[in-house]
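For reference, the structure is listed below as structure tokens.
The values are calculated or read from the model by the stated rules, or taken from the named source; none is laboratory data. All figures in this text were calculated on a predicted structure; none of them were measured in a lab. Cβ coordinates were reconstructed from backbone atoms using ideal geometry, including for glycine residues, and neighbour counts include every protein chain displayed. Accessible surface areas use protein heavy atoms only, side chains included; no ligands, DNA or RNA. Shrake-Rupley method; radii C 1.70, N 1.55, O 1.52, S 1.80 Å.
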Amino acid sequence: MDLIRILLVDDHPIVREGYRRLLGRQPGFSVVAEAGDGETALAAFAEHRPDIVLMDLSMPGGGGFAAVDAMLARDPQTRIIVVSMHQGAFFARKAMEAGARGFVSKSSPPDELIRAITTVVSGRRVLSADMAQEFARTSIENDDFVGLTPRERDILLLLVRGMNGRSIAHSLGLSSKTVQNNLSQIRAKLGASGDADLVLKAQRAGFVPAT
């Protein structure tokens with residue numbers, strides 16, 4: 001059986017180590033490269049041409065959505081599985097619309113990730129069980145959120161995680177002015193009165209889990 005060659009992309013080394021140990025125990029799986037940010041991920045992708053990319057969404061260097069877009073622009077057949085801490089149906093929906101073949105929440109049991117990889121390799125799309133239930137429970141039809149650009153989604157994601165404008169700029173490699181301009185555009189698109197209102201609207205739409 002041919003090896004399934006995997007690229008791990010996550011900005012937390014301990015998370016990558018966990019993936020590597022898990023996947024290393026699976027016959028036919030081989031982790032060929034790792035990356036902790038979008039720029040390094042794209043370089044590793046170009047060098048190794050993996051069969052599967054396991055991709056986090058929240059990363060420095062442009063963020064996960066930007067990396068997904070860039071990989072698919074280079075090779076539309078790229079098989080990307082997003083593995084994220086965010087369980088809102090909005091994120092899974094947007095990841096799949098962006099071209100990801102699967103979405104697995106980080107709260108899923110390990111065998112869900114293994115199942116997702118084998119499913120995607122076979123040519124099918126996949127959601128982890130908890131995300132499939134979330135899709136069944138809620139329907140996201142908010143055209144305002146759908147209209148956000150990949151950069152705006154990344155910025156809003158970091159905002160609702162509690163980051164301020166300066167921290168967001170540092171995380172995504174942007175200027176503070178660019179972040180503030182994007183936040184103004186997001187507030188205008190969503191009709192939000194301020195950052196707190198943005199977070200509330202995001203939670204109600206399923207963009208992020210309510211706390």
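Couple of notes before you dig in:
- Reference-scaled alpha-carbon Rg (2.2 N^0.38 Å with N residues) for region 77-121: 1.07
- Diffusion coefficient (Stokes-Einstein, Kirkwood radius over C-alpha pairs, 25 °C, 0.890 mPa s) for the chain: 141 µm²/s, rounded to a whole number.
- Working note: Debye formula, equal point scatterers on the alpha-carbon atoms of region 36-133, no solvent; log10 I(q)/I(0) at q = 0.10, 0.11, 0.14 Å⁻¹ is -0.23, -0.27, -0.45.
- Charge dipole (Cα centre; +1 on Lys/Arg Cβ, -1 on Asp/Glu Cβ; no other charges) of the chain amounts to roughly 140 debye.
- Within the accessible area of the chain, the carbon and sulfur atoms contribute 50%, probe 1.4 Å, all protein chains present.
- A Förster distance of 22 Å, applied to the separation of the beta-carbon atoms of residue 119 and residue 43, puts the FRET efficiency at 0.20.
- Remark: relative contact order (region 1-134) = 20 percent; criterion is Cα-Cα distance under 8 angstrom and separation of 6 or more residues.
- Of 178, 78, 119, the one that fluctuates the most in a GNM where the chain has Cα springs shorter than 10 Å: 178
- Cα centroid of region 49-113 to Cα centroid of region 165-202, whole Å: 22
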